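Pasting in a structure now, in structure tokens, and then I'll have a few things to ask.
Taken together, the values in this text are just the output of simple stated rules run on the coordinates, not laboratory data. Only a predicted model underlies this, so the values are computations on that prediction, with no experimental measurement involved. Cβ atoms come from the backbone with ideal geometry, glycine included; neighbour counts cover every protein chain shown.
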């Protein structure tokens, strides 16, 4: 796939490439920013799709669009800009752009590209069908008239009826004034009567539905060969008292080896079969085949414009349109419109565990349940992968929204069975209200999305109403996302290492690699300020691999200098932990540096452990097989039990800093620390106390037989050169 990017900003071009590679990992990019370079690229690079900025110093998107339409009109052209307003967007679409995407919403670019590619395929199929029509158009005046009628904005059944009229009135063939046309519809191997002239009632009744192989038309459908008989007999069960003796042609309508229908026409009894007649009728059938395929392609384009292919629900376009009409009605009635955006909790796990086919089955079942659960007059739509939208209209009081939502979810969330596996469903939900939150459909969708993001962050089965505070946080998030992109690009991340110590001997026994951001504007920034943004955007995948690689390379360097060998631990986020290639990535880097796996410890939080017990156990065992150690970080803050811990191949429990800080004054915290240490020792696990800040805390932990400690009282995190000084000592 060749993608041409018309963009004067290298940074924006790279952002565009990254979004597209999420959906099309194997594609080639070329960037241009002048008209001359663009024309050369059209001729030499021959792009499959063009992504263009709207306004640039040396060139502009509308000019690029005009040149594209002149040279390669089938090439999809998507405007991507940060400054487009509604009037400009309409101008672009009227000029022939396939789509437009705001740079602040680049996540839409990937789906827009996929949709443009699919639409291009459909357009090409449509053009091929029209080419076939044009080839047949000039053969006979009748065929030209059929084609002419077919190009009108009329239903297919009307075209078939007019075609039948034209056939039987051809002056050079003596057809009887009677005939019929059948099509194959939803039920395979069954002909459905779609057009007829002068068929007797008995014949219409018996021929409404004709199985393949029955009657002469059924034989034509089955064999895909012209069938002819010059008089009625019992051979095809076609003896009717209602019609005079006559001959009959049954001509199959075929495309791509598939029977689409049959034309039935009648002649005088004893008529002699004629090759010229058959060629004409075959041309008509071929012409109709092209018309049928084109009409189906047009129907498919129309359908995909407003409906989701997998579930049959309205898509985002139709959802927005229905919200718009709901708002117009609410303006007159002073009622409330509620927009709910719902996302299936942990849907990715369903795909990972049961497969994509099972995931699709879940989506179709959920769609059907939503359709059955909503009130009459409300709308449900599929907006994305596992994201659904519901528009509630004519709400009298905002308090009623929650009760309506809960009734819907109570119906939808009952467990469903997929491949003999029972799957429990929960949803995160974001809610916005007209006119409180926005007075237009786009605003309501945006704000419901912001509320959904907050609901998902707070765990499963949550819902949130939009508030203005969410909008501020979203702006802050986008700003930090940009900062993170540049931090990765400019290599502004670095590692500090915080030792942990044997509490009894006070010897350094290991260290934890901790990421820092050396910001040009804010100085040295701790990960608490930015790590959640890396996780939410998926950038943590690349950054996490960099951390692992850097830490291993550093320890290997110390080994080569013959400093004392100490294990290093790296933190693993839930996003990283769910990656299918996680174990392979660890194995590859360890082998690349010739590193001893026993000198590497992986830390993952207790809450991440408990997301999926079976998956966690499987991944940890594969990591243990490599030879690395496993620590549960922030232990005591989750919901793991002794039974759970026994299932995991872990080595250390890191007691959360909250309990260490409070245990001196809070008996409950002290009891938790005692319980964790005793439980760990029962399972032959080591304990590491996090956040030791005072000598009193250290002494208590020593009395409780905690194995190791970490915190500012013992040592703060240091850059590598400072750690090297400690190792020399």
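When you take every Cα atom in the range 280-424, what is the radius of gyration, and what is Dmax, the widest Cα pair distance, in Å?
19.5, 69
Evaluate the relative contact order of the range 316-466 (contact order divided by residue number), counting alpha-carbon pairs under 8 angstrom at least 6 apart; express in whole percent.
30
Considering only DSSP beta bridges where both residues belong to the chain, give the percentage that are antiparallel (nearest 5).
Here the share of antiparallel DSSP bridges comes out near 65 percent.
Relative to the longest principal Cα axis of the chain, at what angle does helix 441-457 sit, 0 to 90 degrees, rounded to 10?
That helix lies at roughly 40 degrees to the long axis.
In which sequence would 633, 651, 386 go, from the one with the fewest C-beta neighbours within 10 Å to the one with the most?
Going from sparsest to densest Cβ surroundings: 651, 386, 633.
Let me ask you something else. Roughly how far apart, in whole Å, are the Cα centres of the range 412-443 and the range 656-729?
43
Pop a pseudo-label 7 angstrom from the Cα along the beta-carbon direction at both residue 693 and residue 549 and give the gap in nm to one decimal.
So the label points at residue 693 and residue 549 sit 3.7 nm apart.
Suppose R0 equals 41 Å; then what is the FRET efficiency for residue 357 and residue 46 from their Cβ-Cβ distance, rounded to the nearest 0.05?
E(calc), rounded to 0.05, equals 0.70.
Once the Cα atoms of helix 613-626 and of the chain are each reduced to a long axis, what angle between those two axes, in degrees from 0 to 90 to the nearest 10, is obtained?
60
How long is the gain from residue 153 to residue 190 if the chain were fully straight, where each residue apart is worth 0.36 nm and the alpha carbon distance is subtracted?
Fully extending the segment from residue 153 to residue 190 adds 10.6 nm.
Where a ≥ b ≥ c are the square roots of the eigenvalues of the C-alpha gyration tensor, would you call the range 479-728 rounded, which needs a/c under 1.5, or, failing that, prolate if a/b is larger than b/c, or oblate?
Judged from the Cα gyration tensor, the range 479-728 comes out rounded (a/c under 1.5).
So, by mean Cβ neighbours within 10 angstrom, what's the order for 476-483, 437-444 with the highest one leading?
Top of the packing list down: 437-444, 476-483.
Please give the contour-minus-distance gain from residue 537 to residue 651: 0.36 nm per residue of separation, less the Cα-Cα distance, rounded to one decimal in nm.
Computed gain between residue 537 and residue 651 is 38.0 nm.
Binning at 5 Å from 0, report for the range 457-565 what percent of all alpha-carbon pair distances ends up in each bin.
Percent of Cα pairs in each bin: 2, 9, 16, 18, 15, 13, 11, 8, 4, 3, 1, 0.
Taking the Cα atoms of the chain alone, what are Rg (to one decimal) and Dmax (as a whole number) in Å?
34.6, 115
Using the alpha-carbon centroid of each, what span in Å lies between the range 57-87 and the range 555-623?
Taking the Cα centre of the range 555-623 as reference, the centre of the range 57-87 is 47 Å away.
State the antiparallel share, in %, of DSSP beta bridges confined to the range 1-129, rounding to the nearest 5.
5
How would 276, 447 line up from fewest to most surrounding beta-carbon atoms within 10 angstrom?
276, 447
Do the sum for the chain: with -39,500 (n - 2.57) for every DSSP H run of n ≥ 4, divided by all residues, what is the mean residue ellipticity at 222 nm, to the nearest 500 deg cm²/dmol?
Calculated at 222 nm, the ellipticity per residue is -15000 deg cm²/dmol.
With viscosity set to 0.890 mPa s at 25 °C, what whole-number translational diffusion coefficient in µm²/s follows for the range 138-304 from Stokes-Einstein and a Kirkwood radius over Cα pairs?
The Stokes-Einstein estimate is 153 µm²/s.
Give, in whole angstrom and from largest to smallest, the semi-axes √(5λ) of the equivalent ellipsoid of the range 2-120, with λ running over the eigenvalues of the Cα gyration tensor.
Semi-axes from the Cα gyration tensor: 17, 17, 15 Å.
Can you give me the angle between helix 156-168 and the longest principal axis of the chain, using Cα atoms only, in degrees from 0 to 90, rounded to the nearest 10?
30
Also, I was wondering about something else. Ranked highest first by average number of other Cβ atoms within 10 Å, how do 260-271, 517-528 line up?
260-271, 517-528
Let me ask you something else. On full extension of the chain, what length is gained from residue 274 through residue 334, given 0.36 nm per residue of separation minus the C-alpha to C-alpha distance?
14.4 nm
Using the 10 angstrom Cβ neighbour count as an exposure proxy, how do 122, 374, 167 rank, fewest first?
122, 374, 167
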